[in-house]
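Below you will find the structure I want to go over with you.
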Amino acid sequence: MKKILVMLLVLAMVFSLVACGGNNNEPNNAPNNAVVNTENEPANTGDTGNTEEPADTTPAEPKVLNLLESSNIPSLTTWQATDSVSFLILGNIGSGLYTLGEGGVPVADIAESVDISADGLTYTFKLKDADWSTVDGEVYAPVTANDFVFAWKKLLDPAEASQYSFMISTASIKNGKEAVALNEELIGYEADVENLETMDPANYEDTDEKTAKQQYDEAKAALEEKIAAEEASLTETYGSIDAAYTALSDLRDGLGVTAVDDHTLVVELSNPVPYFIDLMTFPSFFPANEAFYNEVGDSYAKSNDAFLYNGAFIFKEWKISERHYLTKNPNYWDAENVALDAIDFRVIEGVSNDTAVQMYLDGEIATTALSGENVEKYGNRPDMVPLEDVVLFYLEINQGKGEMTTTKQLLSDVRARKAINMAIDKTYITDVIYANGSLPADYFVPKGFVGSAAHDNKDWRQVAEDMYGGGEGYNHYNPEMAAELFGAAMADLGVSEVEFELIIYQGDTAAQVGTHIQNELEKNLPGVTVIVQALPFSEKLKRSDEGTYTLNWGGWGPDYPDAMTWMDMWVTGGGHNSTGYANADYDAVIEATKSGDLTAPEKSGERFEALVTLEKKLLEEDQVIVPLYQRSGVGLRDPRIMNWFRQSFGPDIIYKWVDLAQ
Amino acid sequence: MLRYVVERLFLIFLTLFVVLTINFFLLRLMPGTPFDNPKITPAQKELMVRKYGLDDPVGVQYLRYLNDVLHGDFGVSFRLQDQPVTKLIAMRLPHTVQIGSMALVFGVVVGILLGALAAIYRGSFWDGFVTILAVIGVSIPSMVLAALLQHYVVAEWGMFTYLYNPIDATRGISVWDSLYSSILPAFSLSLYVISATMRYMRSELVEVLNSDYILLARAKGLNKTQVIMRHALRNALIPVITIVGPMTIGLLTGSLVIEMFYGVPGLSRLLLNATSQNDYFLILGVNVFYSFLFVTVILIIDLLYGVIDPRIRLRGGKS
């Protein structure tokens with residue numbers, strides 16, 4: 001009997017092992033050492049199950065690009081989307097007037113032609129014959145000029161609370177720009193009124209200097225004064241608060257975009273916008289079919305069958321957290337020039353770089369980025385590709401936002417701010433910590449981001465070099481000078497010790513960067529203690545909005561290909577300016593280059609130089625921020641992939657151009 | 001019996017209500033907001049807050065949420081296209097259940113067999129082997145095990161797959177392919193189950209085998225196999241079932257480490273993302289769902305006791 005039990009047990013174990021190993025007849029040896037073939041044969045040897053037949057059986061084998069995505073799509077509604085995953089999909093299943101081509105050049109998509117008035121204020125677009133397709137590949141309706149009017153007005157619709165409504169303002173579309181500004185003003189006013197109502201003395205505590213009551217009274221008085229000023233300003237312009245709301249509603253309705261007929265779209269601007277055509281490639285400016293929108297109601301864009309496709313691809317399968325499967329849209333106007341038959345994104349949320357690299361080496365995906373030690377491990381392979389980027393990381397210096405402290409007082413002295421920039425050896429961050437081609441930066445407008453036609457198409461940084469020797473930026477690493485400047489600022493303020501709160505991103509690499517900055521500042525600046533706080537993103541954002549920080553490690557990627565996307569961040573009271581920097585001269589240049597006289601088409605060279613000069617002011621003279629590095633990366637990519645143009649704003653890749661050599 | 005079940009169901013309802021209420025208010029103490037896009041201005045954030053009614057007093061929001069829940073609406077995710085929370089949970093659940101149930105069945109069966117083996121051959125080689133296995137099983141972190149399995153089993157030996165593959169007709173992944181790819185994650189999860197079940201089984205069976213009624217059964221002339229099968233095993237299983245309950249919860253709610261290593265689109269990943277993004281209703285939904293699973297499984301276990309051991313049958317049963 002003992003034997004039977006033992007036998008049973010052994011059988012159970014053997015069975016489970018056999019069952020587990022049953023399918024295995026394709027050993028996959030030591031992929032770490034595998035060399036991805038650089039010949040014209042598929043890297044995919046058929047063990048991944050994504051192609052049914054070997055390459056040589058039929059010439060018509062579908063071209064499927066296998067990719068990996070680490071996040072889900074937050075929104076497919078063009079006026080709701082705000083993130084890179086949504087924009088990537090939208091930019092490929094939808095079409096706007098233009099799309100991004102090689103080198104980030106706008107290429108006409110739905111637009112057949114454009115007529116721009118001499119003053120640069122009126123754009124008349126003629127549209128191609130294009131169709132909306134359903135998910136099943138059936139033609140739903142033609143794309144008309146009204147589809148653009150409908151979608152753009154949605155950006156301003158109060159019921160939609162569109163987060164990217166600022167794109168209307170960026171494009172300076174007539175009445176839209178004004179509506180966005182007035183809306184912000186009214187919301188700020190409403191929030192203040194509400195804050196006044198909910199103010200509670202219990203939220204204040206006695207300090208050495210003031211009692212809770214005093215603080216409460218002061219805060220209340222300040223808020224009341226602010227509200228009175230806001231009311232006065234609104235009343236002066238519009239007659240009354242109610243009239244301001246009416247005016248807002250009128251501005252929204254009167255957005256300067258008109259469908260003259262089905263094929264003619266006229267856009268009127270408040271001021272010339274040198275990058276208007278570029279903006280038309282951005283998914284926020286894509287059209288939407290009103291009839292379909294009304295037909296599906298609330299479920300619009302929440303599933304792939306509640307959406308219409310006018311782009312090169314159709315979103316055939318949308319499995320949240322599993323798969324995004326795009327197939328070629330047969331009804332796309334330029335379908336014959338779309339090479340890929342399908343794009344198959346495997347979705348694995350938060351996938352580790354190790355897994356991604358392994359999948360690439362196994363031929364399951366066609367490209368991957370490298371990070372951490374994988375950079376060193378695989379960076380020398382022949383299929384390595386540099387991933388140049390135009391995202392810039394920097395430290396915001398709080399020189400007065402939020403409640404005033406000694407530290408902020410110190411940092412309102414430009415010498416102290418310059419000292420911080422000069423005290424940090426940025427090459428350590430780029431060469432030792434990241435070691436992936438990222439560039440140390442003493443500049444703010446990234447290299448390779450934008451050129452000037454009026455300067456022989458020279459890059460921004462080259463023009464800066466020619467004008468001010470600022471090609472590599474301003475105020476370079478100089479620990480001795482840093483100590484001197486900082487000591488002087490401290491002495492004038494009469495303090496010998498200060499504490500910096502440095503808020504950083506979470507993660508191992510981020511922690512290394514944080515520690516490096518901490519070490520450099522404590523070593524090179526006398527009397528400084530740095531407290532590093534790694535915060536969840538939303539908390540970090542909240543702290544910078546409130547101004548409860550000393551140094552905030554931030555990053556910025558462009559929204560459109562013009563230096564303005566970087567430079568207007570630092571205007572007085574700007575939504576992204578959490579430094580407390582307020583400078584009327586700075587604001588004046590932004591005003592002139594954004595909507596003033598320098599926007600005239602014939603002044604483009606002058607405008608460019610004005611902005612280059614402004615960057616010099618921002619850094620060399622005022623050191624509002626401390627630039628750290630321009631992000632870059634390296635990756636691996638299947639050599640069979642052709643026309644892989646990485647874009648610096650909007651959708652990362654336009655797959656319409658991509659081809660796969662057989 | 002029926003009355004007992006009804007009473008328990010009422011208690012389940014009450015428990016869930018308490019869980020929901022506490023969670024609702026606790027979540028509002030989390031730092032940050034669900035809207036953390038650095039590109040949007042404070043005014044636009046304010047608009048988002050209003051859109052989802054987050055600017056109302058918390059009490060009002062709570063009553064509104066309760067009302068929605070009573071109508072079967074657990075709210076929407078702020079971060080995922082306003083998708084309904086229930087839909088998001090429903091999409092994740094099958095994957096977690098697939099792997100969890102594989103791990104549970106495999107773990108409990110192997111655990112019971114090994115435990116029984118160790119008890120019957122107490123002091124032998126098998127006993128020592130099983131004990132060592134148990135120690136290893138509880139002490140290796142699943143993270144380490146998953147990494148080891150991926151490195152040796154997949155990379156070196158070329159067996160199984162790195163990643164879990166959901167069933168997908170277009171991609172040619174059948175039910176069997178999917179189950180095949182679930183083996184490693186399930187095995188990684190099951191090691192703890194095996195160890196725990198084994199230890200309980202062994203100690204219980206040893207105790208039962210030493211009791212008087214077993215001696216009586218032997219004296220009646222039953223052979224050892226009959227004694228073990230008919231009398232000993234059944235009695236030894238009761239405490240094992242006690243631990244299977246909480247283990248089931250653990251497996252059904254998923255393991256973050258296993259999900260991350262094998263790319264499983266499961267529930268714990270959903271909860272983690274929702275938490276890091278302050279996606280209030282999604283966090284609430286998942287937490288309430290977890291609690292629901294917990295209390296339900298406990299109820300089932302309690303009812304199972306009665307089936308296995310007539311002595312514990314409750315009110316209404318024959319005493």
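The values are calculated or read from the model by the stated rules, or taken from the named source; none is laboratory data. Because the structure is predicted, anything quoted here is derived from the model rather than measured. Glycine also receives a Cβ, built like all others from the backbone with ideal geometry; neighbour counts cover every protein chain displayed. Quick note on the areas: whole protein, heavy atoms, side chains included, nothing else; ligands and nucleic acids left out. Shrake-Rupley method; radii C 1.70, N 1.55, O 1.52, S 1.80 Å.
With +1 on each Lys and Arg Cβ and -1 on each Asp and Glu Cβ, and nothing else charged, work out how big the dipole of region B:7-126 is about its Cα centre, in Debye to the nearest 20.
Value, rounded to 20: 280 debye.
Would you work out if region B:1-113 is rounded, prolate or oblate? Take a ≥ b ≥ c from the square roots of the eigenvalues of the alpha-carbon gyration tensor; rounded if a/c is under 1.5, else prolate when a/b is larger than b/c, oblate otherwise.
oblate
Give me the orientation-averaged projected area of the Cα convex hull of region A:358-459, in nm², one decimal.
Approximately 11.1 nm², given one-decimal rounding.
Sticking with this structure for a sec: In percent, how large is the relative contact order of chain B, given Cα pairs closer than 8 Å and 6 or more residues apart?
It comes to 27 percent, rounded to a whole number.
Can you give me the P(r) profile for chain B? Cα pairs, bins 20 angstrom wide beginning at 0, each as a whole percent.
25, 48, 24, 3, 0
Moving on. I want to check the label-to-label distance for B:A219 and A:D305. Put each point 7 Å from Cα in the C-beta direction and report it in nm to one decimal.
Label at B:A219, label at A:D305, 7.2 nm between them.
Per DSSP H run of at least 4 residues, take -39500 (n - 2.57); add these up for the protein assembly as shown, divide by its residues and hand me the 222 nm value, nearest 500 deg cm²/dmol.
-14500 deg cm²/dmol
Output the pairs from A:K154/A:K302; A:K408/A:K540; A:K523/A:K616; A:K177/A:K458 with a Cα-Cα distance over 23 Å in this structure; if there are none, say none.
A:K523/A:K616; A:K177/A:K458
Same structure, new question: For region A:392-630, what is the accessible area per residue in Å², given a 1.4 Å probe and the full set of protein chains?
Accessible area per residue: 37 Å².
With r defined as the distance between the Cβ atoms of A:D250 and A:S113 and R0 fixed at 35 Å, what FRET efficiency is calculated, to the nearest 0.05?
That pair, A:D250 with A:S113, gives E of 0.65.
Related question: When a/c reaches 1.5 or more, the comparison of a/b and b/c decides; with that in mind, is region B:87-268 rounded, prolate or oblate per its Cα gyration tensor?
prolate
Apply the membrane-span-like helix rule to chain A: whole DSSP H runs, Cα extent along the own long axis of at least 27 Å, mean Kyte-Doolittle hydropathy at least 0.5. List the helices found.
Span-like helices, by this rule, are A:2-21.
Here's a follow-up. Find the eigenvalues of the gyration tensor of the Cα atoms of region A:392-630, then list the square roots of 5 times those eigenvalues as equivalent ellipsoid semi-axes, largest first, in whole angstrom.
That gives 29, 19, 18 Å for the three semi-axes.
Answer rounded, prolate or oblate for chain A, using the Cα gyration tensor with square roots of eigenvalues a ≥ b ≥ c: rounded when a/c is under 1.5, else prolate when a/b is larger than b/c, else oblate.
oblate
Let me ask something else about it. Scan around A:A141 for amide H atoms under 5 Å from its own, H built in the peptide plane at 1.01 Å from N, and keep only partners 5 or more places away or cross-chain.
Amide H to amide H, under 5 Å and 5 or more residues apart or across chains, A:A141 pairs with A:W132.
Run the simple label-point estimate for A:D208 and B:T131 please: 7 Å along Cα→C-beta, distance reported in nm.
6.5
So, one more: Relative to the Cα centre, what is the charge dipole magnitude of chain A, using +1 at the beta carbon of each Lys and Arg, -1 at the beta carbon of each Asp and Glu, and rounding to the nearest 20 debye?
1680
In addition: Please tell me which of these pairs span more than 26 angstrom C-alpha to C-alpha: A:K128/A:K328; A:K210/A:K418; A:K126/A:K174?
A:K210/A:K418
How much solvent-accessible surface does A:H263 expose, in Å² to the nearest 10, with a 1.4 Å probe and all protein chains in place?
The value for A:H263 is about 70 Å².
Per residue and in Å³, how big is the convex hull formed by the alpha-carbon atoms of region A:608-662?
Spelled out: Cα convex hull of region A:608-662, divided by residues, is 129 Å³.
Here is a follow-up. I want to check the label-to-label distance for B:V5 and A:E160. Put each point 7 Å from Cα in the C-beta direction and report it in nm to one decimal.
5.2
Still on this structure, I have one more. Say the dipole of chain B comes from +1 at the beta carbon of Lys and Arg and -1 at that of Asp and Glu; which of B:P84, B:S181, B:L29 then lies farthest toward its positive end?
Most positive-ward Cα: B:S181.
Hey, any idea what % of the protein assembly as shown's accessible area is carbon plus sulfur with a 1.4 Å probe?
With neighbouring chains kept in place, the figure for the protein assembly as shown is 57 percent.
Another question, then. How much accessible area per residue does region B:75-190 have, counting only protein heavy atoms and a probe of 1.4 Å, in square angstrom?
That works out to 41 Å² per residue.
Be a star and scan region A:146-161 for residues whose amide nitrogen sits under 13 Å from the point 7 Å along the Cα-to-Cβ vector of A:A291.
Those under the cut-off are A:146-147.
Within chain A, what's the longest stretch lacking GluC sites (Glu not before Pro) that sit in DSSP loops with no more than 16 other Cβ atoms inside 10 Å?
A:210-402
In whole percent, what relative contact order does chain A give with Cα contacts below 8 Å and a gap of six or more residues?
19
Related question: For helix B:2-27, report the angle its Cα long axis makes with the longest principal axis of the Cα atoms of chain B; keep it between 0 and 90° and round to the nearest 10°.
Rounded to the nearest ten degrees, it is 40.
Sticking with this one: Kindly compute the accessible surface that chains B and A hide from a 1.4 Å probe when together, both sides summed, and give it to the nearest 100 Å².
5700
Can you tell me the orientation of helix B:125-139 relative to chain B, as the angle in degrees between its alpha-carbon axis and the longest Cα principal axis, to the nearest 10?
Long axis of B:125-139 versus the principal axis of chain B: about 10 degrees.
Another question, if that's okay. Looking at A:L265, A:Y245, A:Y300, which one has the Cα that reaches farthest to the positive end of the dipole of region A:216-323 (charges on Cβ: Lys, Arg +1; Asp, Glu -1)?
With unit charges placed on the Cβ atoms, the residue in question is A:Y300.
On to the next question. Given the options B:P42, B:M198, A:G596, identify the residue whose Cα lies farthest towards the positive end of the charge dipole of the protein assembly as shown (+1 on Cβ of Lys, Arg; -1 on Cβ of Asp, Glu).
Farthest towards the positive end: B:M198.
Let me ask something additional. What residues of region A:556-580 lie in the reach of a label at A:A229, counting those whose backbone N is under 15 Å from a point 7 Å from the Cα along Cα→Cβ?
A:572-574
Can you tally the lysine pairs in chain B where the Cα-Cα distance is under 28 Å and the two residues are eight or more apart, or on different chains?
4
Normalised by the number of residues in region B:87-268, what is the relative contact order in percent for Cα pairs under 8 Å and 6+ residues apart?
It rounds to 38 percent for region B:87-268.
Mind giving me the FRET efficiency for A:N519 and B:M143? R0 is 30 Å, r the Cβ-Cβ distance, nearest 0.05 is fine.
Efficiency for this residue pair is about 0.45.
Under a Cβ-only charge scheme (Lys and Arg +1, Asp and Glu -1), can you give me the dipole magnitude of chain B about the Cα centre, in debye to the nearest 20?
Magnitude of the dipole: close to 900 debye.
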